[in-house]
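Engineer: The structure that follows is given in the form of structure tokens.
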Amino acid sequence: MPDLKKVFMNPVEKGRSFFQGFSIVFWAVILVAIFRAFVVPIEMEDGWWHLSAGRWMAEHRQVPREDVFSFTDERGPWQLTQWLGSAIFYGVYQIGDVPGLIVFRAVFFTLIFAVFVGYAYHKKTPLPLLIVLIFLLFHALESRNLLRPLIFNLIFISVFLMLLYSHQKTGDPRRLFLLPVLGIFWANLHLGSFVYGHVIFAAFFISAMLEHLFARRQGNAATARREAQHARDLGLIWCAYLFVFFINPYGAEGFLYPFKVFLLPEFINFYKFKGIVDEMGSPLQMYGGPAWIPFLVLIVMVLHAVGKSEKRNWASMVLFGAALGLFLASVRAVDFFALTSGYIILASMPAGVPQSLRPPGSSRVNEMILMGVIILALGFCALNPSNPWTAHCSRQKKDFIRMGDAAAAVEFLKKKNIRGSVFNDEHFGGYLIWSAYPQLRAFVDGRQADQEKFQLYLAVLQRPEEFWEKADSHNQFDLILLDPRLAHSKKMIRYLARQPQWRMVFHDGNAVVYVRYGLGA
């Protein structure tokens, strides 16, 4: 028997029902496309040592307190502040192996976009504006598609911003109590909890204080009292958030660790990373002109949204200034900058969206046409191997291949029972730890736990004629593992060709192995 409600549904209701169904299909296609774009191979660098740390914790039922993957038998202190992220990655690996990790990471990034779209619909954001924001976010976040605990920052940044903007609008403090609870997890996942979390709290606290001062100056007693209450609520929750950093396996040392990292320059030489680690460099030096266009568009959109908002929002202005400053100082803050900018734009949307932001004519018809065009374009792209997203994935895969794969070289060394201390390219260090420690001990890896060794490693690659003998005599290397496709490795390979005590035993285009004469087969 037919559903009488559907049969006698008036045309307006039928149109609304059809449009809602079409919207669901549209966003399902968009999110599937985003998921596919983030399905790329696991990078050779930090992911492997995080898996190694997770495996060690699972086997020993504790967090490491010393360098359990030390190059020598002398183990220095090591606090794994990202221990929970490493444990999660290893748990996923146990369930789904490497393909499971790839899917997990892609699902996580798709979730970030889904949460953003959900918040945008809650704010009744016009579809054209939302599509532009999705594109800009994708442009920024694709570079952070890494198997590292830093990706967990994205979900906490999103939730913190949504809850704090909601409190700013309603004044209801009850949801704020979620923030310290979430902070317990965030603080054990990544140090981004310390930097980004406090920046977000500071922005909203400063905003409430400024609103209170301006209201008092204007003689608006009711507004002054309300903003003072907001500031008190935020201050108390902020203090509670700071306290959660005590809740970690390292106790007081774990609480002090982020303070030491950022306030004591010699603690782990954090600020020296800017001249060593690419992602610590400024985007002004690393990005070319075309790569800046999406970021400039995002900056203009934020300034326009904040400038045109119904009420001047100090939190958004302080937050945007801090996010932009962090991004200009270090490219690794691109995710915080882009995500924060997106939420600032959405939060600045007026209660009733101005008609000027919608396409001319019937808004629903135009939005359906726009959705249809985008779905057809995505369908064409899925069948066309030269489409931008497929090209993006291919480029990512090519980059990973260019960085080399140490698996075949490590298997060769195991088969030949060759073991010992290894002078290695840094991006091979994590895989050596994962697959062959302690039989093969990497000199450096992505943890950069020993800055003295890492500085010597860089000096050797830059000027092997000057520094290799010093490094070798002090560390007595048994093997050398290099990526022959990298420029600095080529320089080292040319140098080794003139050294009679070293012989090449393996070369597959991705990795080359030298052993000292008298070692191995």
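The values are calculated or read from the model by the stated rules, or taken from the named source; none is laboratory data. Keep in mind it's a predicted model, so treat the numbers as computed, not measured. Counting neighbours? That spans all protein chains shown, and the Cβs are built from the backbone with ideal geometry, glycine included. Protein only, heavy atoms only, side chains kept; ligands, DNA and RNA dropped before computing areas. Shrake-Rupley method; radii C 1.70, N 1.55, O 1.52, S 1.80 Å.
Engineer: What number comes out for accessible area per residue over the range 138-255 if the probe is 1.4 Å? Units Å², please.
Structural biologist: Normalised by residue count, the accessible surface of the range 138-255 is 42 Å².
Engineer: If packing is taken as the average number of other Cβ atoms within 10 Å across a peptide's residues, how do 168-177, 83-92 rank, most packed first?
Structural biologist: 83-92, 168-177
Engineer: Still on this model: Once neighbouring chains are kept in place and the probe is 1.4 Å, which whole percent of the accessible area of the range 422-521 is contributed by carbon and sulfur?
Structural biologist: Accessible surface attributable to carbon and sulfur in the range 422-521 totals 49 percent.
Engineer: Decide, for the range 479-521, between rounded, prolate and oblate: order the square roots of the alpha carbon gyration tensor eigenvalues as a ≥ b ≥ c, take rounded if a/c falls under 1.5, and otherwise choose prolate if a/b is larger than b/c, else oblate.
Structural biologist: Cα axes put the range 479-521 in the oblate bin.
Engineer: Turning to a different aspect of this structure: For ASN424, which sequence-distant residues (separation of 5 or more, or a different chain) have an amide H within less than 5 Å of its own amide H, given hydrogens modelled in the peptide plane?
Structural biologist: Sorted by chain and number, the residues that satisfy this are PHE443, VAL444, LEU481.
Engineer: How high is the FRET efficiency from GLU59 to ALA252, r the C-beta distance, R0 41 Å, rounded to 0.05?
Structural biologist: Given R0 = 41 Å and the Cβ-Cβ separation, E is 0.95.
Engineer: Let me ask something else. Quick one: with all protein chains in place, what share of the accessible area of the range 130-262 is carbon or sulfur, to the nearest percent (1.4 Å probe)?
Structural biologist: 69 percent
Engineer: Also, quick follow-up: Which order do the peptides 436-445, 47-56 come out in when sorted by mean C-beta neighbours inside 10 angstrom, highest first?
Structural biologist: Top to bottom by mean Cβ count within 10 Å: 47-56, 436-445.
Engineer: Something else now. Under 5 Å between amide hydrogens, which residues at least 5 positions from GLU45 or on another chain qualify, with H placed 1.01 Å from N in the peptide plane?
Structural biologist: none
Engineer: Please tell me the relative contact order of the range 92-240 in percent, rounded to the nearest whole number, where contacts are Cα pairs under 8 Å and at least six residues apart.
Structural biologist: On the way: 89 pairs, mean separation 28.0, N = 149.
Relative contact order comes out at 19 percent.
Engineer: On each of the three principal axes of the Cα atoms of the range 449-488, give max minus min coordinate, whole Å, ordered largest first.
Structural biologist: That gives 27, 21, 20 Å along the principal axes, largest extent first.
Engineer: Which residues' amide hydrogens lie under 5 Å from the amide hydrogen of PHE506, considering only partners 5 or more residues apart or on another chain, with H built in the peptide plane?
Structural biologist: VAL513
Engineer: Send over the Kirkwood Rh of the range 226-265, from the inverse of the averaged 1/r over different Cα pairs, rounded to one decimal Å.
Structural biologist: Over the range 226-265, the inverse of the mean reciprocal pair distance is 11.6 Å.
Engineer: Assuming a viscosity of 0.890 mPa s and a temperature of 25 °C, what translational diffusion coefficient in µm² per second does Stokes-Einstein assign to the range 177-271, Rh being the Kirkwood radius over Cα pairs?
Structural biologist: 166 µm²/s
Engineer: How about LYS123: which aspartates and glutamates have a C-alpha closer than 20 Å to its C-alpha, ignoring those fewer than 8 places off in the same chain?
Structural biologist: Once the sequence-local aspartates and glutamates are set aside, what remains near LYS123 is ASP172, GLU310, GLU367.
Engineer: Something else now. Could you please put PHE255, PHE38, PHE135 in sequence from largest to smallest accessible area, using a 1.4 Å probe?
Structural biologist: PHE135, PHE255, PHE38
Engineer: Let me check I have the definition right: for the range 208-248, take the eigenvalues of the Cα gyration tensor, multiply each by 5, take square roots. What are those semi-axes in whole Å, largest first?
Structural biologist: Working: eigenvalues 172, 11, 3 Å².
The three semi-axes for the range 208-248 are 29, 7, 4 Å.
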